[in-house]
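Engineer: Quick one: the structure is below, and I'll ask about it shortly.
Bear in mind that the values in this text are calculations on the coordinates, not laboratory data. Only a predicted model underlies this, so the values are computations on that prediction, with no experimental measurement involved. Cβ: placed from backbone, ideal geometry, glycine included. Neighbour counts: every protein chain shown.
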Amino acid sequence: MPEPEKSDAGAQQCPFIPPFPEPLKTKAGLLRRFAIGWNSWIHTLFERSYTMKMGLVSLPRLKLYVVNDLDIVTRVLDDPRREYPKHPVLMDMLGPLIGVSTFSANGQEWADQRQMVNPAFAHTNLQRGYARMLGAAEDVVAMMRDADRTRPVDIDPLMTHVTADIIFRTIFSVKLSADEAMRIYTEFTRYQAQAQRSTMLGLNGLPQFGYKRRAQKSADKIHDVLTAIMRPRYDARQRGEAPAQADIMEALMDARHPETGAPFTFQELVHQISLIFLAGHETSASALAWALYLLSEQPELQEELYAAIEAETGGGPLEFEHVRRLDSVRNLFRETLRLYPPVAFLPRSVITPETMRGKPVQPEDLLVIAPWLIQRNSANWSCPHSFDPERFARPENADAVRNAWLPFGAGARLCIGAGFAQQEAVIILASIIRAFRLTHPPGRRPELVSRLTVRPRHGVPLILTPRG
Ligand code: HEM
């Protein structure tokens, strides 16, 4: 873990710096970068990556530009004329799971799909979804109480369970079983490892061997969990039976293409639902696991948050209006998303050749916009590697919050679920803080691995002590 840094003023130590991979001193050569990137992207970064405005990484078949210049970042992400589509590398990484769906499509195809899926997102309405979120949070607290607490409990799969359960109920109106949750957790972990290797080989112009096939196998197993519910409902719809539920699945079966009037085919539905399911829980699960780890390092903060929650609720149940006012818990989550953005890199390409900061960028080049780097750059944030949730409450950080905090992306392709994710996070964190004191076992700080998402490599073991 890197040493504590000095603050910008140079006079005082920065607050607590949680673990992150030590940057390399200098840019790695091709072979070293390949060996490190085989397991994790963030480990390939070097010291200057955290301060430079724009940098080039030459790969055998590809030029990769890391873009940290905030003016260019805003222009590329805003993209009103659709000049910076998502790069094909994204399809390479995610295609087996989500096909060409709302996250991965480009141009007119994306615009048409967004028009088709937008009504389904009415089911992620915050007030309507509140009871579902609170129910799932209470269930996970019960699971934590029932766990064998004589030893540290790995809260990483539990966070996958609770977030997957919430989005599952929102899509299908049914609960996710513990067995289904564990199958998804295991297969998605496998998928990430296989897709990482296959993409690494592809980027370096090498054959992808069996990695792509193995990634597809894990994707198929995740699809099996989803299609077990989708198939009977789809078939019933084809037979003209009246809808039994009002949920995302139903709204997607109602959707019609704006030009042709065609509905989604079953395969297209599988991809859209896989996307909403995965985007809707994996990212939140990762951030919640990191947030609980960060809390476990800060007993005083836990007591402060506990007191704030009790003051807001008067010791009674957590209601919808309380959640909006729990700024201190929301700031904990926002700071976690700054330090550990689940989507650390956003890949884009250009359509027309242009010059960026004096560098000639061509259509086949890969532009990488990295929330991980932008959110840890000392030009944007003071003590950038320190954990300091209250920075979000300080007026002098308003510009940084607006321009240099992009865990949900920005502009045209901004995350549809940002409000949903933040509401469920506050509910889950508040429910856990009310139920337990958290400590982390000595010598077992989580280690990070960065593939499709930024994840704890070996889980997050925590000691859970019930309150009162
Ligand atoms: C902490 C939780 C979450 C994080 C960090 C996150 C992050 C992101 C990011 C960075 C993007 C943009 C990617 C890019 O520009 O290349 C995105 C897009 C998207 N997210 Fe999320 N997300 C989260 C939760 C959710 C949830 C809960 C849902 C669904 C309920 C969701 C659905 C989507 C969809 C559908 C898109 C594609 C939007 C488009 O391109 O039209 N996300 N998300």
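Engineer: Using a 10 Å Cβ count of at most 15 others and DSSP loop calls, identify the longest part of the chain lacking such chymotrypsin sites (Phe, Trp or Tyr not before Pro).
Structural biologist: 210-468
Engineer: Are there GluC sites (Glu not before Pro) in the range 276-332 that DSSP marks as loop and that have at most 13 other Cβ atoms within 10 Å, and which are they?
Structural biologist: When the GluC sites (Glu not before Pro) of the range 276-332 are filtered for loop state and at most 13 Cβ neighbours within 10 Å, Glu319 remain.
Engineer: Shifting gears a bit: Karplus couplings for the range 97-114 from phi (6.51 cos²θ - 1.76 cosθ + 1.60, θ = phi - 60°), rounded to Hz, Gly and Pro as x?
Structural biologist: 8, 10, x, 8, 10, 3, 6, 9, 6, 10, x, 5, 4, 5, 4, 5, 5, 4
Engineer: Quote to one decimal, in nm, the extra length available between Ala379 and Phe209 on full extension: 0.36 nm per residue of separation minus the C-alpha distance between them.
Structural biologist: Computed gain between Ala379 and Phe209 is 57.0 nm.
Engineer: Roughly speaking, what is the centre-to-centre gap between the range 360-417 and the range 288-330 when only Cα atoms are used, to the nearest Å?
Structural biologist: The two parts, judged by their Cα centres, are 25 Å apart.
Engineer: If you add up the charges near Gln108, with Lys and Arg at +1 and Asp and Glu at -1, over every other residue whose beta carbon is less than 12 angstrom from its beta carbon, what do you get?
Structural biologist: -1
Engineer: Just tell me which aspartates and glutamates come within less than 16 Å, Cα to Cα, of Lys359; anything on the same chain fewer than 8 places away is out.
Structural biologist: Asp69, Asp71
Engineer: Separation between the Phe266 and Lys63 pseudo-spin-labels, each 7 Å from Cα along Cα→Cβ, expressed in nm?
Structural biologist: In this crude label model, Phe266 to Lys63 measures out at 4.7 nm.
Engineer: Exactly which trypsin sites (Lys or Arg not before Pro) in the range 213-268 are in a DSSP loop and have at most 10 other Cβ atoms within 10 Å?
Structural biologist: Answer by residue number: Arg239.
Engineer: Return the sequence-ordered ³J(HN,Hα) values of the range 73-82 in whole Hz as given by the Karplus equation 6.51 cos²θ - 1.76 cosθ + 1.60 applied to θ = phi - 60°, using x for Gly and Pro.
Structural biologist: 4, 4, 5, 5, 6, 4, 6, x, 9, 6
Engineer: So if each residue of separation counts as 0.36 nm, and I subtract the Cα-Cα distance between Gln362 and Leu30, what length gain in nm does that give?
Structural biologist: Full extension of this stretch gives 117.4 nm more.
Engineer: Then there's this: Within a Cβ distance under 11 Å of Leu176, other residues only, what is the Lys/Arg minus Asp/Glu net charge?
Structural biologist: -1
Engineer: Note down the relative contact order for the range 30-466 as a percent, whole number, built from C-alpha pairs under 8 angstrom at least six residues apart.
Structural biologist: Relative contact order comes out at 27 percent.
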